[in-house]
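Trainee: Dropping a structure here in structure tokens format, bear with me for questions.
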Amino acid sequence: MKLTDVAKKALSVANGDKVDVIVTKSEEALTRFANSYIHQNVKQTNGMVRVRVIKDGKTGIALTNSFDEESVIDCAKKANELADLAVKDPQEFELPGKSEYKSIPVPDEATKKLSPDQRADIVAKMVSIADKDNLKIAGQVSNSCDNFCVVNNNGVEIEHEEVSSKVSITAMSEDSSGQADMTAPRIGDINAEKLATEACGRAVQGRNPISIDPGDYEVVMLPYATAEFLRYMIYTGFSAESADSKRSWVDQNMGKKVLSDKLTLIDDPFHPMGTQSFADAEGYPKDSLMLVENGIPKNIAFNSYFAAKMGKKNTGHATGGWGPMPINVTMSPGKTSVFDMIKSVKKGILISRFWYTNIMDPMTVQLTTMTRDGLFLIEDGKVTKGLKNMRITDKVLRVYDGIIDVGDELINTDGIIAPAVHLKSLNFSGSTKY
Amino acid sequence: MKKHIERALQKAKVAGATYVDARILKTQDERIATKNGVLDNLSSNESKGFGIRVIADGAWGFSSSSVINDSEIDKVAQEAVAIAKASAKVKHEPVKLSPVEAYVDDVKSPVKDDPKDIPISDRVKFALDCDKTMNKDGIVSRSTRLFNRHEDKWFGSSEGSMIYQEDVKVGAGYTAIASNGKEVAQRSYPASFGGVYSRDGWNYIEKYKLMENGGRIADEAVQILSAKPCPQGKKDIVIEGSQLALQLHESIGHPVELDRVFGTEAAFAGKSFVKPEMMKDFRYGSDIVNITADATIPHAFGGFAYDDDGVKAQRVFIIKDGIFQRFLDSREDAAKLNMASMGANRASSWSRIPIVRMVSVNLEPGNSTFDDLIKDVEDGIYLSTVLTWSIDDMRLNFQFTTELGWEIKNGKLGEMVKRPTYTGISYDFWRSCDAIGNKDLWDVWGVPNCGKGEPMQLMHVSHGVSPARFRQIQVGVGS
């Protein structure tokens with residue numbers, strides 16, 4: 001059965017002024033390895049029908065993962081029943097109507113059909129690279145195919161397919177580790193051997209790490225680390241829901257230059273390095289949205305509800321159950337290589353990635369996090385020693401106001417496309433024992 | 001459903017599996033959320049599916065589907081075996097499992113007042129009434145959440161187990177956010193992460209008197225904005241229950257998961273500083289620190305009758321009189337230490353494999369009253385309610401921020417401090433514990449969102465704790 005047929009069945013039973021139905025079907029497979037062998041290897045086939053019924057301002061939502069006719073009808077009836085029991089929200093809004101959509105590339109068949117044997121072969125290649133340096137590796141090779149359909153009673157009827165793949169590797173010696181990962185819409189774009197070589201190189205370089213005192217240091221951050229700070233900037237700032245609750249640093253600083261002019265962020269659902277989609281979870285057409293232009297916050301993300309509530313234009317960022325959020329964020333690259341960034345540092349620290357980051361204050365994006373899988377001392381323009389891991393407690397708005405340089409190479413790391421950055425200072429607030 | 005399980009076991013064995021287990025899980029969730037006096041979410045979510053886990057050629061394979069019928073079971077069984085054979089291409093040693101008794105059992109939930117039997121309109125009204133109690137000057141956002149789940153699980157294995165378990169789960173709580181235009185302050189009740197959670201009925205929610213506490217919580221959120229920053233330096237601290245539950249979770253619960261110790265979470269959740277050779281020898285905490293893993297506690301959110309290896313729920317000591325005793329484990333990891341599993345291998349969904357998870361991991365009660373905890377502190381901080389948490393990937397260096405705290409001066413609670421932070425090294429911290437609250441202060445805090453594994457699994461776990469005191473801890477980082 002086509003997803004639109006499932007959605008239309010639900011729509012025919014749902015009874016409201018406004019009704020929309022999302023139907024998804026997904027196949028996800030993930031081969032996981034550790035200690036240089038495959039220890040977990042899984043596949044899931046799942047689906048979802050989500051029916052939203054709005055009657056006179058009262059909203060009911062029901063979900064099921066069964067596509068048989070009886071379950072779909074029951075789901076729609078449940079949404080009707082919940083809408084009857086709900087309390088009126090005085091905020092009026094309209095669901096999207098029939099629209100023109102931008103075209104996106106046909107999903108990659110090789111990614112869609114990547115088999116368990118092919119995933120195992122990729123793991124085996126990475127193991128053989130690590131074996132040369134006597135390193136153990138852990139990580140994943142995964143692929144997914146998601147079919148997505150939205151139908152509403154205002155003319156929207158869309159269906160499309162997204163595929164994605166990911167390879168991540170952590171290489172480990174007794175006293176060091178290095179990591180690399182990449183997410184891509186085409187498995188052929190991921191060079192697993194290159195990732196393995198990078199991860200192993202950092203693990204080898206980080207052996208015999210030393211401790212240094214906490215404090216402020218000039219730093220170079222690889223794209224994995226850059227992206228982590230961006231992730232928390234996005235989460236705390238760019239949702240209209242946060243702005244509506246007076247908790248958005250972006251809303252508080254809209255149009256003001258609060259970040260380095262070297263920082264430009266765009267939500268780009270058509271970036272070739274990312275998984276592309278032409279419509280949001282309400283079926284509204286997606287388009288690029290400038291989030292930060294040369295250090296100045298420019299826009300936040302809206303869905304139909306918050307656009308109406310705040311008197312703004314819908315930006316096509318509905319997420320289907322969560323608030324509006326940009327989910328295709330790219331930081332514009334610069335022109336400097338990581339090698340040249342390091343070369344310009346008299347004394348500083350090279351950070352590979354962060355771990356267990358959490359927000360302390362959303363208005364300044366103050367966070368705490370730990371370094372992981374490769375921390376290095378830079379002296380006189382060269383990486384000289386591996387360092388034991390350290391804790392960071394700092395405000396991202398302060399830190400990213402001090403961008404000295406932006407890297408020339410982008411990486412898609414878990415959905416955020418980011419370059420390396422060179423920063424004036426970052427506060428290392430503590431240290432650990434390895 | 002048992003016929004489907006039997007079919008899955010048989011088909012996988014025919015396809016070449018030397019071990020098979022199959023699980024069918026059906027969940028029915030209801031969620032009610034309010035925001036600023038408006039109903040923000042009223043939803044019902046039904047999910048069902050099955051997963052087949054096999055060992056073939058000495059390696060693991062797993063496949064799962066939301067479509068439960070004979071042809072899909074046959075297909076998924078074949079897939080699971082094919083995946084296991086692919087795993088065997090990059091294999092270390094053949095998987096071995098510690099022995100387990102075969103159980104045939106039906107375990108019904110003891111809950112009598114399932115929230116789904118209370119009219120939804122009454123629960124919606126309750127949530128909106130709670131929301132209203134926080135409607136005070138200075139509050140810019142208030143949200144209330146109610147959650148309930150009915151869960152049915154069937155498990156069968158090629159070793160002869162056939163188990164059915166039923167569970168009813170509830171959760172409730174709210175958050176008020178105050179703002180002065182430049183700064184925001186959050187206050188949650190009864191705890192963060194949407195509130196408190198249990199395998200229990202509506203009576204559990206009533207116990208926390210949500211209607212009676214909303215006004216106080218809103219007032220405290222506003223007061224935080226003008227409270228002074230937490231002083232910096234080493235102080236004695238007393239930690240409230242819900243915060244101490246997360247402290248225990250991060251700095252003891254995760255480090256003693258045996259899969260981490262063996263490196264199988266190295267790329268994601270991380271490893272651990274705790275090693276097998278530390279059993280019965282390593283001083284993890286002071287003499288008064290006793291930690292149990294107890295899946296048998298009635299109504300504990302992390303409890304159950306059998307884990308997803310088919311091992312019966314148990315109570316074991318993780319730390320006794322401050323000395324580390326044993327790990328949380330699975331049959332596979334326990335076999336590597338030639339031990340029987342204590343039963344902590346759990347999957348968050350029918351579509352996920354079981355991995356080592358916390359159950360209810362508890363700090364056993366001490367003998368102090370709350371006044372006792374405070375009165376012996378000359379210069380310290382009392383910290384309450386999780387705001388921010390972070391710990392390194394070996395589970396050594398942690399840093400927490402709580403929503404608020406109060407100074408303790410000369411044995412008495414004093415002025416409020418905003419967002420106090422404390423940091424330390426896990427074992428140093430637990431060794432500094434010199435007083436633990438008594439049984440009257442002990443409560444089991446459910447954690448609904450313990451993340452681990454790839455693909456991600458969010459697990460329900462819990463921690464029984466009472467407030468406790470720790471000496472000379474670094475506070476005020478980033479103040």
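Trainee: Kindly list the number of the only condition in (1) free of Cβ contacts under 8 Å to residues at least 40 places away in the same chain; (2) of a type outside the set (Asp, Glu); (3) under 27 Å from B:Glu183 (Cβ atoms); (4) in contact with a Lys or Arg (Cβ under 9 Å, 6 or more places away or on another chain) that fails for A:Lys246.
Mentor: With (1) free of Cβ contacts under 8 Å to residues at least 40 places away in the same chain; (2) of a type outside the set (Asp, Glu); (3) under 27 Å from B:Glu183 (Cβ atoms); (4) in contact with a Lys or Arg (Cβ under 9 Å, 6 or more places away or on another chain) applied to A:Lys246, the lone miss is (4).
Trainee: Take the residues of region B:91-134 that are under 30 Å from B:Asn36 (Cβ atoms) and in a loop (DSSP other than H, G, I, E, B): which is nearest to the chain's Cα centre (by Cα)?
Mentor: Looking at residues that are under 30 Å from B:Asn36 (Cβ atoms) and in a loop (DSSP other than H, G, I, E, B), I get B:Asp114.
Trainee: Looking at region B:401-423, which of the residues that are within 18 Å of B:His249 (Cβ to Cβ) and more than 9 Å from chain A (Cβ to nearest Cβ) is surrounded by the most Cβ atoms within 10 Å (Cβ to Cβ)?
Mentor: B:Thr402
Trainee: Here is a follow-up. Would you mind stating whether B:Lys375 is closer than 23 Å to B:Gly411 by Cβ and free of Cβ contacts under 8 Å to residues at least 40 places away in the same chain?
Mentor: Yes, satisfied.
Trainee: Run down B:Tyr382, B:Tyr422 and say which single residue is within 25 Å of the chain's Cα centre (by Cα), of a type in the set (Phe, Trp, Tyr) and closer than 20 Å to B:Ile217 by Cβ.
Mentor: Of the residues listed, the single one that is within 25 Å of the chain's Cα centre (by Cα), of a type in the set (Phe, Trp, Tyr) and closer than 20 Å to B:Ile217 by Cβ is B:Tyr382.
Trainee: Suppose we filter region A:4-19 for residues that are out of contact with any helix residue (DSSP H, G or I) (no Cβ under 8 Å at 6 or more places or on another chain) and buried (at least 24 other Cβ atoms within 10 Å of the Cβ); how many remain?
Mentor: 1
Trainee: Then there's this: Within region B:429-479, how many residues turn out to be aromatic (Phe, Trp, Tyr) and under 26 Å from B:Glu378 (Cβ atoms)?
Mentor: Looking only at that region, the number is 3.
Trainee: Looking only at region A:167-197, filter to residues that are of a type in the set (A, V, I, L, M) and assigned to a strand (DSSP E or B); which one of those is surrounded by the most Cβ atoms within 10 Å (Cβ to Cβ)?
Mentor: Going through the qualifying residues, I end up with A:Ala171.
Trainee: Do we have any residue at all in region A:123-134 that's part of a helix (DSSP H, G or I), under 28 Å from B:Phe50 (Cα atoms) and within 14 Å of chain B (Cβ to nearest Cβ)?
Mentor: yes
Trainee: Scanning for something touching a helix residue (DSSP H, G or I) at 6+ places or on another chain (Cβ under 7 Å) and among the hydroxyl-bearing types (Ser, Thr, Tyr), does region A:100-112 turn up at least one residue?
Mentor: Scanning region A:100-112 turns up at least one residue that is touching a helix residue (DSSP H, G or I) at 6+ places or on another chain (Cβ under 7 Å) and among the hydroxyl-bearing types (Ser, Thr, Tyr).
Trainee: If the requirement is being more than 26 Å from B:Phe155 (Cβ to Cβ), within 13 Å of another protein chain (Cβ to nearest Cβ) and buried (at least 17 other Cβ atoms within 10 Å of the Cβ), which of these qualifies: B:Phe62, B:Phe126?
Mentor: From the options B:Phe62, B:Phe126, the qualifying one is B:Phe126.
Trainee: While we're looking at this one, here's another question. Among the numbered criteria (1) within 14 Å of chain B (Cβ to nearest Cβ); (2) buried (at least 23 other Cβ atoms within 10 Å of the Cβ), which single criterion is violated by A:Arg398?
Mentor: (2)
Trainee: B:Ile139 versus (1) within 20 Å of B:Leu404 (Cα to Cα); (2) surrounded by 21 or more Cβ atoms within 10 Å (Cβ to Cβ): which is the lone unmet condition?
Mentor: It fails just one condition, (2).
Trainee: Quick one: count up the residues across region B:180-218 that are out of contact with any helix residue (DSSP H, G or I) (no Cβ under 6 Å at 6 or more places or on another chain) and under 22 Å from B:Val359 (Cα atoms).
Mentor: Final tally of qualifying residues: 12.
Trainee: When you scan region A:42-76, how many residues do you find that are within 7 Å of another protein chain (Cβ to nearest Cβ) and within 23 Å of the chain's Cα centre (by Cα)?
Mentor: 6
Trainee: For region A:355-393, which residues satisfy the criterion of being more than 10 Å from every other protein chain (Cβ to nearest Cβ), farther than 12 Å from A:Gly206 by Cβ and within 28 Å of the chain's Cα centre (by Cα)?
Mentor: A:Val365
Trainee: List the strands (runs of 3 or more DSSP E) that sit entirely inside region A:274-383 and contain at least 1 residues that are surrounded by fewer than 20 Cβ atoms within 10 Å (Cβ to Cβ) and either of a type in the set (A, V, I, L, M) or in contact (Cβ under 8 Å) with a residue 40 or more places away in the chain (or both).
Mentor: A:289-293, A:347-361, A:366-379
Trainee: Considering each of A:Gly415, A:Gly402, A:Gly348, A:Gly407 in turn, give the residue that is farther than 15 Å from A:Arg202 by Cβ and in contact with a Pro (Cβ under 8 Å, 6 or more places away or on another chain).
Mentor: Just a single option satisfies the conditions, and that option is A:Gly407.
Trainee: For region A:198-222, name all the residues that are more than 13 Å from chain B (Cβ to nearest Cβ), touching a Leu at 6+ places or on another chain (Cβ under 7 Å) and in a helix (DSSP H, G or I).
Mentor: A:Cys200 - this is the single residue of region A:198-222 that is more than 13 Å from chain B (Cβ to nearest Cβ), touching a Leu at 6+ places or on another chain (Cβ under 7 Å) and in a helix (DSSP H, G or I).
Trainee: Which residue out of B:Asp40, B:Asp57 is of a type in the set (Asp, Glu) and more than 10 Å from every other protein chain (Cβ to nearest Cβ)?
Mentor: Only one candidate qualifies: B:Asp57.
Trainee: Being more than 30 Å from B:Gln186 (Cβ to Cβ), within 14 Å of chain A (Cβ to nearest Cβ) and either in a helix (DSSP H, G or I) or of a type in the set (Ser, Thr, Tyr) (or both): is that true of B:Lys85 here? Lay out the reasoning, then the answer.
Mentor: Numbers: more than 30 Å from B:Gln186 (Cβ to Cβ): yes; within 14 Å of chain A (Cβ to nearest Cβ): yes; either in a helix (DSSP H, G or I) or of a type in the set (Ser, Thr, Tyr) (or both): yes.
So B:Lys85 fits the description; yes.
Trainee: Further question: Considering B:Ala176, B:Ala172, which residue is surrounded by 21 or more Cβ atoms within 10 Å (Cβ to Cβ) and more than 22 Å from the chain's Cα centre (by Cα)?
Mentor: Going through B:Ala176, B:Ala172 in turn, just one is surrounded by 21 or more Cβ atoms within 10 Å (Cβ to Cβ) and more than 22 Å from the chain's Cα centre (by Cα): B:Ala176.
Trainee: A:Ser36: of a type outside the set (Asp, Glu) and more than 12 Å from chain B (Cβ to nearest Cβ), yes or no?
Mentor: Details: of a type outside the set (Asp, Glu): yes; more than 12 Å from chain B (Cβ to nearest Cβ): no.
Judged against the criteria, A:Ser36 is not a match.
Trainee: OK, next. Kindly indicate whether any position in region A:36-46 is assigned to a loop (DSSP other than H, G, I, E, B), aromatic (Phe, Trp, Tyr) and either closer than 30 Å to B:Val90 by Cα or at pLDDT 95 or above (or both).
Mentor: no
Trainee: Checking B:Glu93 against (1) farther than 23 Å from B:Val356 by Cβ; (2) within 10 Å of another protein chain (Cβ to nearest Cβ); (3) touching a residue at least 12 places away in the same chain (Cβ under 8 Å); (4) not hydrophobic (A, V, I, L, M, F, W, C), which single condition isn't satisfied?
Mentor: Going through the list (1) farther than 23 Å from B:Val356 by Cβ; (2) within 10 Å of another protein chain (Cβ to nearest Cβ); (3) touching a residue at least 12 places away in the same chain (Cβ under 8 Å); (4) not hydrophobic (A, V, I, L, M, F, W, C), B:Glu93 breaks only (1).
Trainee: Which ranges mark the strands (runs of 3 or more DSSP E) fully within region B:1-71 that have 3 or more residues being basic (Lys, Arg)?
Mentor: Fully inside region B:1-71 and qualifying: B:19-35.
Trainee: Continuing with the same structure: May I ask you to verify whether B:Gly411 is on the phi > 0 side of the Ramachandran plot and out of contact with any strand residue (DSSP E or B) (no Cβ under 6 Å at 6 or more places or on another chain)?
Mentor: Values: on the phi > 0 side of the Ramachandran plot: yes; out of contact with any strand residue (DSSP E or B) (no Cβ under 6 Å at 6 or more places or on another chain): yes.
Here the answer is yes, as B:Gly411 does meet what is asked.
The values are calculated or read from the model by the stated rules, or taken from the named source; none is laboratory data. Every value quoted in this text rests on a predicted model; they were computed, and no experiment measured them. Cβ sites come from the backbone with ideal geometry, for glycine too, and all protein chains shown count toward neighbours.
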